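What follows is a short report on a single structure.
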Amino acid sequence: MLKITISGGEFWDSSKEEFFTIHPMTLHLEHSLISLTRWEQHYKRPFLNEKTGPQTLEETIYYIKCMCMDEDVPDYVFDNMTQENYQEVIDYIHDPMTATTITDNRKQKQGKKEILTSELIYYYMTTFNIPFECEKWHLNNLITLIQIASAKNNPEKMSKADTLRRNAAASKAWRAAHHSKG
């Protein structure tokens, strides 16, 4: 969970033609599958896609609202976020939140890249028996878990040449360890 503090101050409301005061407020934000789903339900397009994800400041602010765990936060609080606040949120969203790294040695077919949506993530959770409580996890942790489950359930098939090389290396290591010629 990310906690950011929105600084207070006195501001002018041009529609009411009056000043109003914002007291400093701490927002509790969670980049989760729940947040992603809310944003996609509103904009009806994939969030995790460079071409269709948030493109404007308005769409970004709406996602931050979707991330907010606090209830009844007035819109003007989000409108008064600083550049530093936005950077904190962006850094939090892009933080992998894990030490796990995954390398995919399989060749992806050109043009067959899957567009990841909230429904597809829920599908993977169901397929890999990941409990729905994980929808509250940081999204990057959940996606990493799905990738691990996928890799473990679909091990990469080795070519015949790779299998022969691996077996030859294992035999050589065994012979060296046991001082054997055979």
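The values are calculated or read from the model by the stated rules, or taken from the named source; none is laboratory data. This one's a predicted model, so the numbers in the text were calculated from it and none came from an experiment. When we count neighbours, we look across all protein chains shown, and the Cβ atoms used for this are built from the backbone with ideal geometry, even at glycine.
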Residue hits (the range 11-34; in a strand (DSSP E or B), loosely packed, with under 10 Cβ neighbours inside 10 Å and in contact (Cβ under 8 Å) with a residue 12 or more places away in the chain) are THR21, THR26
**Prompt:** Quick one: would you say ASP70 is surrounded by fewer than 12 Cβ atoms within 10 Å (Cβ to Cβ), in contact with a Leu (Cβ under 7 Å, 6 or more places away or on another chain) and not aliphatic (A, V, I, L, M)?
**Reply:** yes
Going through the range 59-100 in order, the residues found to be of a type in the set (Phe, Trp, Tyr), in contact (Cβ under 8 Å) with a residue 24 or more places away in the chain and over 16 Å from HIS23 (Cβ atoms) are TYR63, TYR86, TYR92
For the range 78-103, the count of residues that are within 15 Å of the chain's Cα centre (by Cα) and either in a loop (DSSP other than H, G, I, E, B) or at pLDDT below 90 (or both) equals 8
Filtering the range 4-36 down to residues that are of a type in the set (Gly, Ala, Ser) and either touching a Pro at 6+ places or on another chain (Cβ under 6 Å) or closer than 18 Å to MET81 by Cα (or both) yields SER7, GLY8, GLY9
Out of (1) in a helix (DSSP H, G or I); (2) loosely packed, with under 14 Cβ neighbours inside 10 Å; (3) not hydroxyl-bearing (Ser, Thr, Tyr), the one MET158 does not meet is (1)
If we keep only residues of the range 35-66 that are loosely packed, with under 12 Cβ neighbours inside 10 Å and of a type outside the set (Ser, Thr, Tyr), then the residue nearest to the chain's Cα centre (by Cα) is GLU50
